[in-house]
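Structure first, then comments.
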Amino acid sequence: MPISGFPEWLPPQRMIEQSVLDRIRATFELYGFAPLETRAVEPLDQLLRKGETSKEVYLLRRLQEDPAASGGDDALGLHFDLTVPFARFVVENAGKLQFPFRRYQIQKVWRGERPQEGRYREFLQADIDVVDRDTLPFHYDTEMPLVIGDVFAALPIPPARILVNNRKVCEGFYRGLGLADTDQVLRTVDKLDKIGPEKVAALLVETAGATDAQAAACLKLAEISASDASFVDAVRALGVGDPLLDEGLAELARVVETAVEHAPGLVVADLKIARGLDYYTGTVYETQLQGYEQFGSICSGGRYDNLATAGTERFPGVGISIGVSRMLGLLFGRDALAVSRPVPTCVVVALPNDDLRPACDRIATALRRRGIATEVAPTAAKFGKQIRFAERRGVPYVWFPGVDGAADSVKDIRSGAQVDADAATWEPPAADRHATVTAS
């Protein structure tokens with residue numbers, strides 16, 4: 001019986017997922033990111049102080065454990081993202097790492113929120129981060145969207161658009177307006193897409209101490225969007241000044257201008273993007289797929305200067321995370337991806353009779369040694385039935401062992417073409433060697 005929020009893909013979907021992961025991994029490594037895997041659990045106090053509410057964290061508890069007992073496994077929770085565990089890992093292993101440290105991490109995470117289309121309680125993320133000791137040069141903030149742009153360009157998915165903002169722009173603007181509780185303003189503005197501008201304005205007055213004029217100015221800032229640096233003039237035209245605002249605008253302009261040169265149209269400065277997690281301190285990213293905008297971001301992240309600390313030592317970082325399960329769940333829901341066959345098998349070796357199974361196994365072994373996915377037919381049925389077995393599973397070729405001195409032959413069961421073949425040398429067309437994933 002299915003459990004809501006815990007997806008299980010069918011084999012063809014899993015093949016698509018694995019193909020997508022291979023392309024993600026290859027692109028990450030092209031940019032020099034090294035692989036890492038951290039444990040699934042973290043101390044509960046570590047998870048709860050990072051901006052995520054306690055009701056979304058899954059606890060780890062033994063069946064027979066006394067709930068009233070302190071410490072033990074009850075003080076552990078499953079990680080809800082990969083950034084918090086990564087920050088902890090960096091602090092604990094700082095003496096063994098070379099900085100700046102570039103890593104990618106592809107793992108499951110768990111979050112106890114309400115399941116809906118494309119949003120799960122157990123899901124796969126693919127993260128990249130760069131951390132450094134004491135200070136992290138800003139050019140890494142400009143690199144993140146370029147990596148993600150290359151990842152998505154390599155996948156058979158709709159075009160992606162990365163929305164970028166900078167927390168310094170928002171905080172500086174709110175300070176320039178005279179609003180003291182900038183965190184509360186940011187959290188409220190982050191609800192724009194969910195509750196609309198009128199309710200956000202009312203909440204700003206109610207919870208952040210804003211006047212109607214200040215609330216209106218916050219909404220004006222959130223309306224600004226541009227695919228080039230023209231957003232800077234639009235912000236200036238609102239007549240608010242603050243040194244932190246100036247710093248944020250300069251940083252955000254660098255991100256946008258770098259992206260325009262690398263991939264025009266990929267990045268858009270959108271000043272309503274805030275990101276819900278508290279640890280972001282500068283650049284923030286969200287990514288939408290064309291045609292799927294109503295589902296929100298499928299890839300997000302940002303700069304965090306204070307997440308990884310040890311005493312007086314600081315390890316600032318910037319990262320971005322692809323919600324792999326989220327993205328694929330949305331695409332599967334619309335049948336937007338297809339795989340050329342539902343199994344990896346390229347060749348089925350027909351079995352003339354049970355006595356020839358060892359010979360058929362040797363043929364299969366010869367093909368496999370050259371990287372051709374092969375299986376032997378399950379039974380020595382009539383050849384027509386064995387061909388239908390391959391056909392039902394989408395396997396393109398059936399191999400017929402030669403008997404009584406005849407040569408082996410291989411048949412393309414799609415076209416009906418059959419030719420003599422040698423298992424030591426025969427090659428399928430490159431397009432048939434592996435199952436391929438395409439947009440459908």
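Quick notes on this one:
- A simple spin-label model places pseudo-atoms 7 Å from Cα toward Cβ; at Ala250 and Val419 they are separated by 6.5 nm.
- For Thr283, distant residues with modelled amide H under 5 Å away: Arg167, Arg303
- Globularity index of the range 268-386, i.e. its alpha-carbon radius of gyration over 2.2 N^0.38 Å: 1.93
- Rounded to whole numbers, the Karplus 3J(HN,Hα) couplings from phi for the range 9-14 are 7, 5, x, x, 5, 5 Hz, using 6.51 cos²θ - 1.76 cosθ + 1.60 with θ = phi - 60°, and x at Gly and Pro.
- Solvent-accessible ranking of Ser230, Ser19, Ser415, largest area first, probe 1.4 Å: Ser415, Ser230, Ser19
- A Gaussian network model of the chain, with springs between Cα atoms under 10 Å, assigns the largest mean-square fluctuation among Val205, Val169, Val268 to Val205.
- Carbon/sulfur fraction of accessible area - the chain, other protein chains in place, 1.4 Å, %: 51
- For the range 336-341, 3J(HN,Hα) computed residue by residue from phi via the Karplus equation (6.51, -1.76, 1.60; θ = phi - 60°) reads 8, 10, 9, 10, 5, 8 Hz, glycine and proline entered as x.
- Under 11 Å, Cβ to Cβ, from Thr379 - net charge with Lys/Arg +1 and Asp/Glu -1: +2
- Candidates Gly319, Gly118, Gly95, ranked by Gaussian network fluctuation over the chain, Cα under 10 Å, top entry: Gly95
- Heavy-atom surface of the chain, accessible at 1.4 Å and reported per residue (Å²): 47
- Pairs beyond 25 Å (Cα-Cα), from Lys199/Lys220; Lys108/Lys199; Lys108/Lys168; Lys55/Lys191; Lys55/Lys168: Lys108/Lys199; Lys108/Lys168; Lys55/Lys168
- Ligands, DNA and RNA excluded, the heavy atoms of Met144 present near 0 Å² of accessible surface to a 1.4 Å solvent probe.
- Cα centroid separation, the range 319-342 to the range 127-143 (Å): 28
- Solvent-accessible surface ranking, highest first, for Val91, Val130 at 1.4 angstrom: Val91, Val130
- Cα gyration tensor, the range 58-166 - rounded (a/c under 1.5), prolate or oblate: oblate
- Taking Lys and Arg as +1 and Asp and Glu as -1, the other residues whose beta-carbon sits under 10 Å from that of Gly302 total +1.
- Ordered from highest to lowest accessible area with the whole protein assembly present and a 1.4 Å probe, Ser325, Ser225 read as Ser225, Ser325.
- Measuring with a 1.4 angstrom probe and ignoring ligands and nucleic acids, Asp45 comes out at about 110 Å² accessible.
- Approximating the spin labels as points 7 Å out from Cα along Cα→Cβ, the Ala216-to-Arg433 distance works out to 6.6 nm.
- Its Kirkwood hydrodynamic radius, worked out from the mean inverse distance over all distinct Cα pairs, puts the chain at 25.0 Å.
- In Hz, Karplus ³J(HN,Hα) per residue of the range 219-236 (6.51, -1.76, 1.60; θ = phi - 60°; x = Gly, Pro): 5, 4, 4, 5, 6, 6, 8, 7, 8, 9, 6, 5, 4, 4, 5, 5, 5, 4
- Residue of Gly405, Gly296, Gly323 that the Gaussian network model of the chain assigns the largest fluctuation, springs spanning Cα pairs under 10 Å: Gly405
- Share of pairwise Cα separations in the range 311-376, more than 15 Å, in percent: 71
- The range 82-152: relative contact order in percent, alpha carbon pairs under 8 Å with at least 6 residues between: 30
The values are calculated or read from the model by the stated rules, or taken from the named source; none is laboratory data. Quick caveat, the model's predicted, so the values are computed rather than measured. Every residue, glycine as well, gets a Cβ built from its backbone with ideal geometry; the counts of neighbours run over all protein chains shown. Side chains are part of the model used for accessible areas, which takes the heavy atoms of the whole protein and leaves out ligands, DNA and RNA. Shrake-Rupley method; radii C 1.70, N 1.55, O 1.52, S 1.80 Å.
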